[in-house]
Amino acid sequence: MFDADGTLFDYNLAETTALKNTFTSLGLPFADAHLGVYQKINHGLWQALERHEVTPDVLQVRRFELVLEALQLTGSPEKMSATYVEQLGLCTDLIDGAYEVLKTLHRKFRLAVVTNGLRSVQHSRLARSTIRDFITELIISEEIGAAKPQRAFFDIAFSRLGNPPKSNALIIGDSLSSDIKGGVDYGIDTCWFNPTSQPRPDDLPITYEIRRLQELLDVLE
C-alpha cells in the first residue's frame, strides 16, 4: 500500500505549479513568498483533518480564505479552491524511481494507493499518470469516510484488497503521523520513505526506512 503525495507523486512540484497557475488564471499577483504562506496554512489544516477537526470540503475552501486574508488580497476562496484542485489534478510528476519500482513490483505484488488526498485530484492524476496500470486499488479517505491513521481506514482498505493476512501487507509512506502511525497501530509492517533524512522517532517502531524508492526492491526481495 503506497501513499500518494510525497511518496509516489512529487507533491512539492505539483503544489508549486498548481498554486502559481491558480493565482495567474484568476488575475492575482503571485510571488515566491506566497508559496510558504500557503504551505503553512495548508499543512495545519491537513493535520486538523487527521484529528477529525475539519472535513475535506471545509479544508478546500478554508485554506484559501486564510491565504487571501494573510496576503491581504481580494478574491473568491471558492473559485481559488476549484481552480487549484483542477490544476493539481493535472500534475502527474512522479518521485524519482516511482515508475521503475512499481513496474517491477506489480509483477509479484498487488499494489494499492491509499491516500488522504482529495478524490477529484487523486482520480484525475492517477488516470493521467504512467503508473495507472500498476495500481489495483485507489483508496481515498474522502470516498470511504475515514482517514489515515484511523483504524477504520485500514479496515476498508483491507476489505477492498480481499482481506489478506496482515503479515502479507506493507504500507509505504512519507508521513509519520498518518502512514506509519496508521500502519503500526493496525499491526502491519511499515516502510518510512524519508528522502530528506529526518531523525527517526524513538516512540514509533518503524519496520523499514528508505531514502530512495529503489531501495524498496531490496526490502521486498
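Laboratory data are not the source of any read-out in this text; all were calculated from the coordinates shown. These numbers were taken from a predicted model, which means no experiment stands behind them. Heads up, the Cβs are rebuilt from the backbone with ideal geometry, glycines too, and the neighbour counts pull from every protein chain shown.
Which value at 222 nm does the chain reach when only helices count, each DSSP H run of 4 or more adding -39,500 (n - 2.57), with the total divided by all residues and rounded to the nearest 500 deg cm²/dmol?
-14500 deg cm²/dmol
Counting Lys and Arg as +1 and Asp and Glu as -1, each charge on the Cβ, what is the dipole of the range 51-99 about the Cα centre in debye, to the nearest 20?
The calculation lands at about 100 debye.
For the range 14-136, what relative contact order do you get, as a whole percent, if you take Cα pairs closer than 8 Å and at least 6 residues apart?
It comes to 27 percent, rounded to a whole number.
Positive end of the dipole of the chain, charges at C-beta (+1 Lys, Arg; -1 Asp, Glu), about the Cα centre: which of G36, V67, F153 has its Cα farthest in that direction?
It is F153, whose Cα lies furthest towards the positive end.
Restricting to Cα pairs below 8 Å that are 6+ residues apart, what does the relative contact order work out to for the chain? Please round to a whole percent.
Across the chain, relative contact order equals 21 percent.
Contact order normalised by length for the range 141-221, with contacts defined as Cα pairs under 8 Å and 6 or more residues apart; what percent is it?
Relative contact order here is 22 percent.
Viscosity 1.002 mPa s, temperature 20 °C: what is the translational diffusion coefficient of the chain from Stokes-Einstein with a Kirkwood Rh over Cα pairs, rounded to a whole number of µm²/s?
The Stokes-Einstein estimate is 118 µm²/s.
Eight or more residues apart or on different chains, and alpha-carbon atoms under 19 Å: count the Lys pairs in the chain matching that.
6
Charges at C-beta only: +1 for Lys and Arg, -1 for Asp and Glu. How large is the resulting dipole of the chain about its Cα centre, in Debye rounded to 20?
So the magnitude is around 380 debye.
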